[in-house]
Amino acid sequence: SAVISQKPSRDICQRGTSLTIQCQVDSQVTMMFWYRQQPGQSLTLIATANQGSEATYESGFVIDKFPISRPNLTFSTLTVSNLSPEDSSIYLCSVEVQWSAEAFFGQGTRLTVV
Amino acid sequence: AQRVTQPEKLLSVFKGAPVELKCNYSYSGSPELFWYVQYSRQRLQLLLRHISRESIKGFTADLNKGETSFHLKKPFAQEEDSAMYYCALRIPGNMLTFGGGTRLMVKP
């Protein structure tokens, strides 16, 4: 299994600012992912965080808005930049353990943009 | 592209009643299917996967390829089963795709 520590757990931010979310895993994992869960909706994959190279973004998400870092196999950050109220959402970090195909999730970051 | 549909956003049952959370998917091959659960104030976690063919917390789910369904069932619901349930699909070499989720409320 994998234990994920994600922080902050929640934040209230002003429009135009940025928020960086950290995700720390207790073991080395190859696959790390960032999801968005908007109110009343399902999880939408933002990007796959690749160690040592640029993240792979899903359709509708771009690096300028959601820059991601993955400096090593246990840590990643997601920045949500130039915030607007539409960015208010829960952001989730997830990892997959290769031999089990099971996904593990952080507790989420609830972002409110005012 | 693959898709997962959970037709019910909310399912409300009384304690002891049977419960079935529906999940349909669109994919012509052999996917891996999962049910994830999120209890109040807890993180999302795996409940069960179709390849394990196991019962977890009294829940079972059978993959029906003919109907492209993976419904989650429990014969007697308990109050502690109240949670948000997500059906998810993975096709080989691809990422997880989640359904919209169903909130299960078990009333005393």
On the given criteria, is A:Leu92 within 23 Å of B:Val37 (Cα to Cα), open to solvent by less than 40 Å² (accessible area, probe 1.4 Å) and in a strand (DSSP E or B)? yes
The listed residue being within 13 Å of another protein chain (Cβ to nearest Cβ), surrounded by fewer than 21 Cβ atoms within 10 Å (Cβ to Cβ) and at pLDDT 90 or above, out of A:Gln107, A:Gln38: A:Gln107
If we keep only residues of the range A:1-18 that are more than 11 Å from the chain's Cα centre (by Cα) and not in a loop (DSSP other than H, G, I, E, B), then the residue surrounded by the most Cβ atoms within 10 Å (Cβ to Cβ) is A:Ile4
Limited to the range B:84-108, what total is found for residues that are within 14 Å of chain A (Cβ to nearest Cβ) and part of a strand (DSSP E or B)? 12
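Rundown of residues vs (1) surrounded by 13 or more Cβ atoms within 10 Å (Cβ to Cβ); (2) at positive phi, yes/no style:
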| position | (1), (2) |
| --- | --- |
| B:Lys9 | no, no |
| B:Trp35 | yes, no |
| B:Arg49 | yes, no |
| B:Lys57 | no, yes |
| B:Pro75 | no, no |
| B:Glu80 | no, no |
| B:Leu104 | yes, no |
Can you tell me which residue within the range B:11-31, out of those that are at pLDDT 95 or above and open to solvent by 40 Å² or more (accessible area, probe 1.4 Å), is farthest from B:Pro108 (Cα to Cα)? B:Asn24
Starting from residues that are touching a Lys or Arg at 6+ places or on another chain (Cβ under 9 Å) and either without any contact (Cβ under 8 Å) to a residue 24 or more places away in the chain or not in a loop (DSSP other than H, G, I, E, B) (or both), keep the ones in the range A:80-89 and report whichever is surrounded by the fewest Cβ atoms within 10 Å (Cβ to Cβ). A:Pro85
Filter the range A:44-75 down to residues that are assigned to a strand (DSSP E or B) and either at pLDDT below 90 or not aliphatic (A, V, I, L, M) (or both), then give me how many there are. 9
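The values are calculated or read from the model by the stated rules, or taken from the named source; none is laboratory data. The shown structure was predicted, so the numbers you read here are calculated from the model rather than taken from an experiment. Glycine gets a Cβ as well: all are built from the backbone with ideal geometry, and neighbour counts include every protein chain shown. Keep in mind that these areas ignore ligands, DNA and RNA; they rest on the heavy atoms of the full protein, side chains included. Shrake-Rupley method; radii C 1.70, N 1.55, O 1.52, S 1.80 Å.
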